[in-house]
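First comes the structure, then the notes that go with it.
Just so you know, all these numbers are worked out from the coordinates, no wet-lab data involved. The shown structure was predicted, so the numbers you read here are calculated from the model rather than taken from an experiment. Positions of Cβ are backbone-derived with ideal geometry, glycine not excepted, and every protein chain shown enters the neighbour counts.
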Amino acid sequence: MALREGALRAKLLLCSRTLSKFASFSFARSLSELVSSQSVTSKPPEIADDHLIYTQEHSALKEALRKLIDQEINPYVDQWEAEGTFPAHKIFKILGNAGFLGVNKPVEYGGLGLDFSYSVAVAEELGNIRCGGIPMAIGVQSDMATPALARFGSDELKKEFLLTSIMGDKVACLGVSEVGAGSDVSSIKTKAVKKGDEYVINGGKMWTTSGTQADWMCLLANTSDGPPHKNKSLICLPMNLPGVHIARKISKMGMWSSDTAEVFFDDVRVPCKNIIGQEGMGFTYQMLQFQEERLWAVANIVTTMDNIIQETINYTRQRRIFQLPVLHHQAVHFRLAELQTEVELLRSLLYRATAMYIKGNDVTKLASMAKLKAGRLARELSDSCLQYWGGMGYTSDVPVSRFYRDCRLLSIGAGADEVMLGIICKYMDTLPKK
Amino acid sequence: MSGRVLVGVKRVIDYAVKIRVKPDNSGVVTDGVKHSMNPFCEIAVEEAVKLKEKKLIKEVVAVSCGPQQSQETIRTALAMGADRGIHVEVSGKDYETLGPLQVSKILAALAKKEDAQLIILGKQAIDDDCNQTGQMTAALLDWPQGTFASEVSMDGAQVKVVREIDGGLETIKINTPAVLTADLRLNTPRYATLPNIMKAKKKKIANVKPADLGVDLTSRLEVLRVDEPPQRQAGMKVETVEDLVEKLRDTGMV
């Protein structure tokens, strides 16, 4: 294994130097893709001393993570996309060992206790993964299933679920959305009825990222009959309990390497001590972490959009039509300039919101605006770029078509566009009053 | 024995970057291009840190010669487990002409100053592919050398080195102090983990000037011109094997 890796690295070292611009690669396709993909996404260092939120440490963090991605993740993405799943336990252990799963989590539980700007740096760097599914799964592990637990969970609970998730030993998933409730979280139907010192859970969850491989679920369920915003609780649910059924792995348009499950609960019994924080506060806890979730998603997609623009430039530079490279047609390079401008605008909003957030401000409005823009820009960008790839853009062999499929989710998941608009209107005080 | 190991780390253009030659053919474009630690230097750092973890040596000192940005490379070495760093400041014209001879003089001077037991370097840098610094450093210090190391083990005051040579593997035993250069299969460098990256912030990097070490940086070499490799030519199709052999003979290939 080491020898093969060594040989692979030797090839990379020796061959990447001697390739002239239009040489056809005679090596294994995965190797040539690895070389070409890396040279495409290598960018000039953008972290100078006067960066808005990043320091030398952020820069070092990104470099280390990038190396890990290049060696442990990207070479296998095509394979995992084809297989419809990725080895979450293996990858999360590697990331956990390197410290990337608990960047802003408490030190006592294996985290690094750093501020959210470091999480944003991680999210940005994960955008260099050659698909959307794996960063999404990592995001769930590090910043969606665990924030409430980190903040409000008991010490015992944190030791069992938080520590192990940060170390990468246990795979986490988030159980909030249901078949009948997505945007309208308050209308979920899953019930957790107290019987003695246990909760008996009945119901089901939908769109569960990593659901087929997860060891535990951060479950939002109705624990009483009160008003819908005050009757829900978050529960740490081990996925191997009797009554937990992984009904199916959902076949999706994109994000293929991330296994998404529909899960049913049939009289599942879990100790009452597995509740996170206070009973009835689950909805509130869940809402609290949305700002971070949304900024995380934005940070992730911004890097990917940069990469897609760059790959489109590379492709259109060498593809010729009517005696000219496609890129030389003004409509093309002007459009790419427009798109790049929008990406930079979104990036600025991301950094502004992050800077304010780490100072303790409420950035719900800005985070919602950023999420809204990110979803829409990603669709626009992937559509325009795919057009310039022509017939090749329509094939499964190129990164742009995968991006087109993967990024469509951004306007839907983690807060649909319409929900974002509603939040912004609330802050603008333009919603009709009852 | 001091138990101190000096590891040389060089800041080079990242291996995945497509190199472009400057329009005036005086060199390659380095401005705004991604740089990182030379891969063979990473292997050298990893080996030194491994020796420290096995308690065979006491301290790992990372050294880099270059401009201000070389400090980033030293920080990466610190994040991998080196204890402290030495940045030998070389910039401007001096940096453009800095080569193995000058670097080996610097390393030799530092080795004496730091009372080093071992110097571990990468076998070569991926930008100039010189493969000279290790050998020159050993010669200047009159120390034994174990180059192209694919396996290193300490045996008291001696080092056993398995070397990768054309014919296969050669095992030698050399006395310390010695110079080792790391080859590809010596080890797989660890990822700088986030906790170590944060810890590296507190580790010290000393600033030194070549003049302080009594080293003259004048180069004996002058780069006349840098060109891209020739564009790949179109191939030729032949009808028969005889034609093929004839063509091969004509072009002097056979």
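For the residue pairs B:Lys18/B:Lys209; A:Lys90/A:Lys365; A:Lys252/A:Lys433; B:Lys58/B:Lys105; A:Lys205/A:Lys434; B:Lys54/B:Lys203, the alpha carbons lie more than 29 Å apart in B:Lys18/B:Lys209; A:Lys90/A:Lys365; A:Lys252/A:Lys433; A:Lys205/A:Lys434.
Remark: relative contact order (the range A:172-280) = 31 percent; criterion is Cα-Cα distance under 8 angstrom and separation of 6 or more residues.
If you take the C-alpha gyration tensor of chain B, multiply each eigenvalue by 5 and take the square root, what semi-axes do you get, largest first, in whole Å? Please list the in-between numbers first.
Numbers: eigenvalues 256, 114, 68 Å².
The equivalent ellipsoid of chain B has semi-axes of 36, 24, 18 Å.
Residue exposure proxy: A:Met392, A:Met206, ordered by other Cβ atoms within 10 angstrom of their Cβ from fewest to most, comes out as A:Met392, A:Met206. What separates the Cα centres of the range A:127-164 and the range A:221-290 is a distance of 14 Å.
With n ≥ 4 as the cut-off for DSSP H runs, can you work out [θ] at 222 nm for chain A, using -39500 (n - 2.57) per run divided by the number of residues, rounded to the nearest 500?
-15000 deg cm²/dmol
For B:Leu101, A:Leu234, A:Leu52, what ranking results if the residue with the fewest other Cβ atoms within 10 Å of its Cβ goes first? Walk me through the intermediate numbers first.
On the way: B:Leu101 19, A:Leu234 30, A:Leu52 12.
By the 10 Å Cβ count, ascending: A:Leu52, B:Leu101, A:Leu234.
Along chain A, the exposed loop sites are chymotrypsin sites (Phe, Trp or Tyr not before Pro) outside DSSP states H, G, I, E and B with at most 11 other Cβ atoms within 10 Å, and the longest stretch free of them is A:23-321. Backbone amide hydrogens, once placed in the peptide plane, bring A:Gly113 within less than 5 Å of A:Lys105, A:Val107, excluding anything fewer than 5 places away on its chain.
Just flag the trypsin sites (Lys or Arg not before Pro) in the range A:326-360 sitting in loop per DSSP whose Cβ has no more than 16 other Cβ atoms within 10 Å. List each step's numbers first, then the result.
Working: sites: A:Arg335, A:Arg347, A:Arg352, A:Lys359; in loops: A:Lys359.
Listed in order of number, the matching sites are A:Lys359.
Cα-based radius of gyration for chain A, normalised by 2.2 N^0.38 Å, reads 1.01.
Figure the gain on full extension for B:Thr171 and B:Asp129 (residue separation times 0.36 nm, minus the Cα-Cα span) and round it to one decimal in nm. Kindly include the intermediate steps, with their values, before the conclusion.
Details: separation 42, 0.36 × 42 = 15.12 nm, distance 2.42 nm.
Full extension of this stretch gives 12.7 nm more.
Taking every residue in A:60-66 and counting other chain Cβ atoms within 10 Å of its Cβ, the average works out to 6.
Using Cβ counts within 10 Å as a stand-in for footprinting exposure, how do B:Asp142, B:Asp14 rank, fewest first?
On the way: B:Asp142 7, B:Asp14 20.
Taking fewest neighbouring Cβ atoms as first place, the list is B:Asp142, B:Asp14.
At most 12 other Cβ atoms within 10 Å plus a DSSP loop assignment makes a site exposed; report the longest stretch of chain B without any exposed trypsin sites (Lys or Arg not before Pro). For trypsin sites (Lys or Arg not before Pro) (loop position, at most 12 other Cβ atoms within 10 Å), the longest site-free span of chain B is B:56-201. Sequentially through the range B:12-23, phi angles give Karplus couplings (6.51, -1.76, 1.60; θ = phi - 60°) of 10, 5, 4, 5, 8, 6, 7, 6, 10, 7, 5, x Hz, Gly and Pro residues having no value and appearing as x.
The residue list B:Thr218, B:Met198, B:Val238 was ranked by how far each Cα lies along the charge dipole of the range B:195-252 toward its positive end, using unit charges on Cβ atoms, and B:Met198 comes out on top. Distant-in-sequence amide contacts of B:Ile205, defined by a placed amide H-H separation under 5 Å and a gap of 5 or more residues or a different chain, comprise B:Gly85. For the range A:163-312, the extents of the C-alpha atoms along the principal axes are 60, 32, 29 Å, listed from largest to smallest. Free of any GluC sites (Glu not before Pro) that DSSP assigns to a loop and that have at most 12 other C-beta atoms within 10 Å, the longest stretch within chain B is B:1-221.
Restriction of the trypsin sites (Lys or Arg not before Pro) in the range A:164-224 to DSSP coil positions whose beta-carbon has at most 15 other beta-carbons within 10 angstrom yields A:Lys189. For A:Tyr199, nonlocal amide neighbours, meaning residues 5 or more places apart or on other chains whose placed amide H falls under 5 Å from its own, are A:Val270, A:Cys272. Neighbouring Cβ atoms from other chains, within 10 Å of the Cβ of residues in B:13-21, number 6 on average.
Whole-Hz Karplus values for the range A:149-162 come out as 4, 5, 7, 10, x, 6, 4, 5, 5, 5, 5, 6, 10, 6 Hz, taken residue by residue from phi with 6.51 cos²θ - 1.76 cosθ + 1.60 and θ = phi - 60°; glycine and proline positions read x.
Cα centroid separation, the range B:66-86 to the range A:376-397: 42 Å. Taking the DSSP bridge list for the protein assembly as shown and keeping only pairs wholly inside it, about 60 percent are antiparallel.
The charge dipole of the protein assembly as shown, taken about the Cα centre with unit charges on the Cβ atoms of Lys, Arg (+1) and Asp, Glu (-1), comes to about 940 debye, rounded to the nearest 20. Sort all Cα-Cα distances of the range A:284-428 into consecutive 10 angstrom bins from zero, then give the percent of pairs in each bin up to the one containing the longest distance. Per 10 Å bin, starting at 0, the Cα pair percentages come out as 11, 38, 28, 15, 6, 1, 0.
Taking trypsin sites (Lys or Arg not before Pro) across the range A:217-278, the ones in a DSSP loop with at most 15 further Cβ atoms lying within 10 angstrom of their Cβ are A:Lys230. Across chain B, Cα pairs under 8 Å and at least six residues apart give a relative contact order of 24 percent.
How crowded by other chains is B:65-72, given as the mean number of beta carbons from other chains within 10 Å of each beta carbon? Show your work: numbers first, answer last.
On the way: counts 0, 0, 0, 0, 1, 0, 1, 5.
Per residue, the number of nearby Cβ atoms from other chains is 1 on average.
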